[in-house]
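The values are calculated or read from the model by the stated rules, or taken from the named source; none is laboratory data. Source: prediction; values computed, not measured. When we count neighbours, we look across all protein chains shown, and the Cβ atoms used for this are built from the backbone with ideal geometry, even at glycine.
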Amino acid sequence: MNILLVEPDYYTRYPPLGLMKLASYHRSQGNQVKLVRGTNDDISFNPDKIEITSLFTYAWKPVHKAIEFYHFLFPNAKINVGGIYASLMSEHIKSVYPYVDVHIGLCETAEQYMPAYDILKDVEKWTDWNSSILFTSRGCIRNCPFCAVPKIEGEMRSILTDVENYVHDGHKQVILWDNNFLASPDWKEVLENLQEIGLKIDFNQGLDARLIDEEKAKMLASLKMPTVRMAYDWIGEKNIIKNAVNLLAEHGINRRKILIYVLYNFYDEDREYGDTPDAFLEKTRDIQELGCVSYPMRFEPLTSMKKNQYISPFWTLEQLEAVAKARRVLGFGGAFPPYEGLVNKFKNAIDFDEAFSLHPQKDNQ
């Protein structure tokens, strides 16, 4: 069979790992594969099957465009759509394209395959890619109301420990997409394996600060990590974050290399609970006082059809825009580093509005 793998033309910093695993799986079945991005009619064969991936729900339009384009180009080919949007909103696809098969969740038949990095050479955007991406575990022990992981990946489980066998020849970095690496039953074995490999490591989805202890901090500090990522979602995690940062720093990790994601604009309708602008400011202050970098993460509902449209009952449009402007003007790369001037501005502000104002502060008379 001829298999066409399609990555829709949405924004992403990373190549389509799922399609790369599917490529390896299909090859193991004796099939021929080709990867394309967006709408591309330069195909070397007529496909028997078309596999289309998807990203977040608000990036649905490029997925629909790809379905329509390739169905018109190859009307006899079977089309299958998978990924995050497909898993969370399968009916949104099926109601428009009844001829499309929608795969929900992980593709277990392809999960253990080494990604076919060689197919990236056919896509201009990915020709220079030189990092190995992998999951050593799936699922999570948490059940955060803003997260899709439990719905897509299910319960926490380890899937591999022999990381070296999944690092592509010539790659200089390993990117782990585990959603809660430290909760994996095999975290220690994997860390020992990463130590032996000696490459740069990026725990891209972040590490759970609640699980960092003396042993884990020591082992993490032995790795080549340009950035250590964690998350500060609730104000009640203040001491947890402080403890995790201090442990990592005590073992030699530079505090400025610790980036902490800060959730804001979240609201849980079931519990009628959410964060407030002043709570967001307090979390930002806490991180800067620890000497770390805070990275604001605006909450997006799991089934949002348009990015940055949702506004929590505790926030206003003007306040959300103030954060966005401050990230561009006062921050660096969308984050707030612990620069002295920025630290003092947030520390001395009387409230959220003053902290995130771009206008010079007036002396109180």
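What tally of residues in the range 232-267 results from selecting those that are closer than 21 Å to residue 320 by Cα and either out of contact with any strand residue (DSSP E or B) (no Cβ under 7 Å at 6 or more places or on another chain) or of a type in the set (Asp, Glu) (or both)?
So the answer is 3.
If residue 292 satisfies all but one of (1) of a type outside the set (Asp, Glu); (2) within 21 Å of the chain's Cα centre (by Cα); (3) surrounded by fewer than 16 Cβ atoms within 10 Å (Cβ to Cβ), what's the number of the condition it fails?
(3)
Do any helices (runs of 4 or more DSSP H) lying entirely in the range 43-104 carry at least 3 residues that are over 22 Å from residue 26 (Cα atoms), and which ones are they?
60-73, 90-94
How many residues are surrounded by fewer than 23 Cβ atoms within 10 Å (Cβ to Cβ), more than 22 Å from residue 317 (Cβ to Cβ) and in contact with a Ser or Thr (Cβ under 9 Å, 6 or more places away or on another chain) if we restrict to the range 259-270?
Qualifying residue count, the range 259-270: 2.
Give the residue that is surrounded by the most Cβ atoms within 10 Å (Cβ to Cβ), with candidates limited to residues of the range 12-70 that are under 18 Å from the mean Cα position of the chain (by Cα) and aromatic (Phe, Trp, Tyr).
Checked the range 12-70; the qualifying residue surrounded by the most Cβ atoms within 10 Å (Cβ to Cβ) is 60.
Which condition does residue 308 not pass, out of (1) within 20 Å of residue 142 (Cβ to Cβ); (2) without any contact (Cβ under 8 Å) to a residue 24 or more places away in the chain, if it passes all the others?
(1)
Taking the condition of being out of contact with any Pro (no Cβ under 9 Å at 6 or more places or on another chain) and not aromatic (Phe, Trp, Tyr), how many residues in the range 42-58 meet it?
Qualifying residue count, the range 42-58: 9.
Determine if the range 276-288 includes at least one residue that is closer than 25 Å to residue 205 by Cα, part of a strand (DSSP E or B) and at pLDDT 95 or above.
no
Out of 236, 252, report the one residue that is surrounded by fewer than 16 Cβ atoms within 10 Å (Cβ to Cβ) and without any contact (Cβ under 8 Å) to a residue 24 or more places away in the chain.
So the residue among 236, 252 that is surrounded by fewer than 16 Cβ atoms within 10 Å (Cβ to Cβ) and without any contact (Cβ under 8 Å) to a residue 24 or more places away in the chain is 236.
Do we find a residue being part of a loop (DSSP other than H, G, I, E, B) and under 19 Å from residue 115 (Cβ atoms) anywhere in the range 32-42?
Within the range 32-42 (the criterion being part of a loop (DSSP other than H, G, I, E, B) and under 19 Å from residue 115 (Cβ atoms)), the answer is no, since none of the residues qualifies.
Which residue out of 91, 155, 164, 111 is surrounded by fewer than 16 Cβ atoms within 10 Å (Cβ to Cβ), without any contact (Cβ under 8 Å) to a residue 60 or more places away in the chain and within 19 Å of the chain's Cα centre (by Cα)?
The conditions single out 155.
Would you check which residues across the range 70-93 are of a type in the set (Gly, Ala, Ser) and over 23 Å from residue 34 (Cβ atoms) and list them?
Across the range 70-93, the qualifying residues are 87, 90.
Determine, yes or no, whether residue 83 is touching a residue at least 60 places away in the same chain (Cβ under 8 Å), within 20 Å of residue 305 (Cα to Cα) and within 21 Å of the chain's Cα centre (by Cα).
Taking the combined requirement at face value, the residue satisfies it.
Pairs needed: first member in the range 120-140, among the acidic types (Asp, Glu); second member anywhere, surrounded by fewer than 22 Cβ atoms within 10 Å (Cβ to Cβ) and not in a loop (DSSP other than H, G, I, E, B); C-beta distance under 7 Å; at least 6 residues apart or different chains.
Taking only residues 6 or more apart or on different chains, the pairs are 122/34.
Need a quick list: strands (runs of 3 or more DSSP E) entirely within the range 154-242 having at least 3 residues that are closer than 17 Å to residue 137 by Cα.
By residue number, 173-176, 200-203.
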